[in-house]
Each structure stands twice: as structure tokens, then as C-alpha cells.
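Comments concern the structure below.
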Amino acid sequence: MAQYPIAIFVGSLRRESFNRKLAGAVAGLAPADFSFKDVPIGDLPLYNQDDDSCPPESVRRLKADIAAARGLLFVTPEYNRSIPGVLKNAIDHGSRPYGHSAWTGKPAGILGISVGIIGTALAQQHLRNILASLDVPTLGQPEAFIQMKENLFDEVGNIGRSSRPFLQSWVEKYAAWVRRHAAP
């Protein structure tokens with residue numbers, strides 16, 4: 001078993017999501033002592049405080065997946081200059097009930113890809129603000145605002161040759177961040 005299990009949260013539900021593809025490709029660049037688990041968020045009901053005392057199975061699973069992780073990786077598109085509602089909903093579920101947040105202290109990294117020239121810069125900034133309020137130490141540098149371009153991925157879905165040095169460096173800094181901040 002890997003020493004550093006990482007929970008991946010992809011903010012897109014689209015079957016052919018660029019962000020899901022990016023998450024898988026970036027996980028392939030990680031050190032051998034890191035493993036990655038895609039945490040499903042599309043089946044979560046809309047957050048309702050009335051359900052805090054008896055959350056549905058999907059919410060219990062979400063919180064168990066967060067608890068089992070030593071680090072978090074958020075890979076999100078940008079919707080209307082912010083994060084997608086499905087991702088915010090998952091974050092709200094994981095943070096409740098008040099005083100019982102599953103997110104607290106889990107080191108995180110944020111990536112995103114878009115066809116737009118600024119990538120997902122605004123979504124990532126909003127996500128950083130949300131995570132800061134939940135006491136999630138988030139890797140600040142390097143930031144990665146990735147534009148979907150030809151050859152970003154190779155023919156089998158790995159990071160392409162021209163993008164690999166930057167993303168490999170990002171993954172190495174993320175791994176060091178997790179090692180420094182992850183609870184034993």
C-alpha cells in the first residue's frame with residue numbers, strides 16, 4: 001500500500017472531461033509512494049443542513065474517502081468564472097456538520113484545464129479561498145493554469161512531451177507539500 005493515498009476531486013461530471021483526463025495523467029507522474037483514488041461526487045444530493053444528523057450513504061462514503069487520504073488533489077474546470085456547483089456541493093458535504101469537517105488539515109493541490117487562454121485561474125482562486133476557510137493547507141506555487149491545446153496529451157493520454165517538464169515539476173512540488181503537511 002502506498003504511503004501517501006491521495007483523494008482526487010474532479011469538478012466535472014462530463015464523460016470526456018479534460019480535467020478527468022488531466023487528473024489521471026498527472027497521477028501517472030507521481031512518486032511510487034503516492035496512490036490516487038478518484039472520489040465520486042456526482043451522486044451526492046444537494047447539501048441540506050436538515051440531513052446532517054443522518055447523511056445518506058454517498059455522503060458517508062465521501063467523508064470516509066477524505067478521512068482515508070493523506071492529501072487532496074482538486075482538478076476543476078471553470079464555470080462562469082468560479083468552481084462548478086457539483087464541486088462546491090461536495091466541499092459543503094465534507095465540511096458538515098459544523099465542527100466535524102473531514103477536510104481539516106489535509107494538504108491539497110489545485111489544477112485545472114480549460115480551452116480558454118487563462119485556463120482556470122479564477123476557479124482556482126475561488127477554490128483557494130474556500131479551502132483556506134476550511135483549514136486546508138493548499139500548495140501556493142507553482143500555480144498551473146493550463147490551456148487545452150494540441151499535444152498536451154500524447155496518443156495514449158499521458159502528458160505530452162512539451163508539457164511534461166512543467167507538470168512533472170508541479171507534481172514534485174505537490175508531493176513535497178503533502179509529505180511536509182500530511183499527518184502521520
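Any read-out appearing in this document is the output of simple, stated calculations on the displayed coordinates, not a laboratory observation. Only a predicted model underlies this, so the values are computations on that prediction, with no experimental measurement involved. Cβ sites come from the backbone with ideal geometry, for glycine too, and all protein chains shown count toward neighbours.
A few points about this structure:
- The residues of segment 95-113 that are crowded, with 24+ Cβ neighbours inside 10 Å and out of contact with any Ser or Thr (no Cβ under 9 Å at 6 or more places or on another chain) amount to a single one, 106.
- Close contacts from segment 8-35, counting a first residue that is in contact (Cβ under 8 Å) with a residue 24 or more places away in the chain and farther than 20 Å from residue 62 by Cα and a second that is among the polar types (S, T, N, Q) and assigned to a loop (DSSP other than H, G, I, E, B), with Cβ to Cβ under 7 Å and a gap of 6+ residues or different chains, come to 25/158; 28/158; 33/3.
- When residue 80 is tested against the conditions (1) surrounded by fewer than 23 Cβ atoms within 10 Å (Cβ to Cβ); (2) under 15 Å from the mean Cα position of the chain (by Cα), the lone failure is (2).
- Which numbered condition residue 117 misses (of (1) surrounded by fewer than 14 Cβ atoms within 10 Å (Cβ to Cβ); (2) closer than 17 Å to residue 7 by Cβ): (2)
- Residue match in segment 139-160 (condition: of a type outside the set (A, V, I, L, M, F, W, C), in a loop (DSSP other than H, G, I, E, B) and crowded, with 19+ Cβ neighbours inside 10 Å): no
- Selection of segment 1-31 for residues being buried (at least 16 other Cβ atoms within 10 Å of the Cβ), of a type in the set (Gly, Ala, Ser) and more than 16 Å from residue 42 (Cα to Cα) yields 23, 24, 25, 27, 30.
- For residue 15, the stated conditions do not hold, so it cannot be described as charged (D, E, K, R) and in contact with a Leu (Cβ under 6 Å, 6 or more places away or on another chain).
- Subset of segment 63-93 [without any contact (Cβ under 8 Å) to a residue 40 or more places away in the chain and either part of a loop (DSSP other than H, G, I, E, B) or under 28 Å from residue 30 (Cα atoms) (or both)]: 63, 64, 67, 80
- Residue identified as closer than 22 Å to residue 176 by Cβ, of a type outside the set (Lys, Arg) and out of contact with any strand residue (DSSP E or B) (no Cβ under 7 Å at 6 or more places or on another chain) among 25, 64, 32: 32
Quick grid of which residues meet (1) over 19 Å from residue 18 (Cβ atoms); (2) of a type in the set (S, T, N, Q):
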residue	(1), (2)
103	yes, no
110	no, no
113	no, no
124	no, yes
134	yes, no
156	no, no
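- Scanning segment 26-54 for residues that are closer than 20 Å to residue 83 by Cβ and among the charged types (D, E, K, R) turns up 38, 43.
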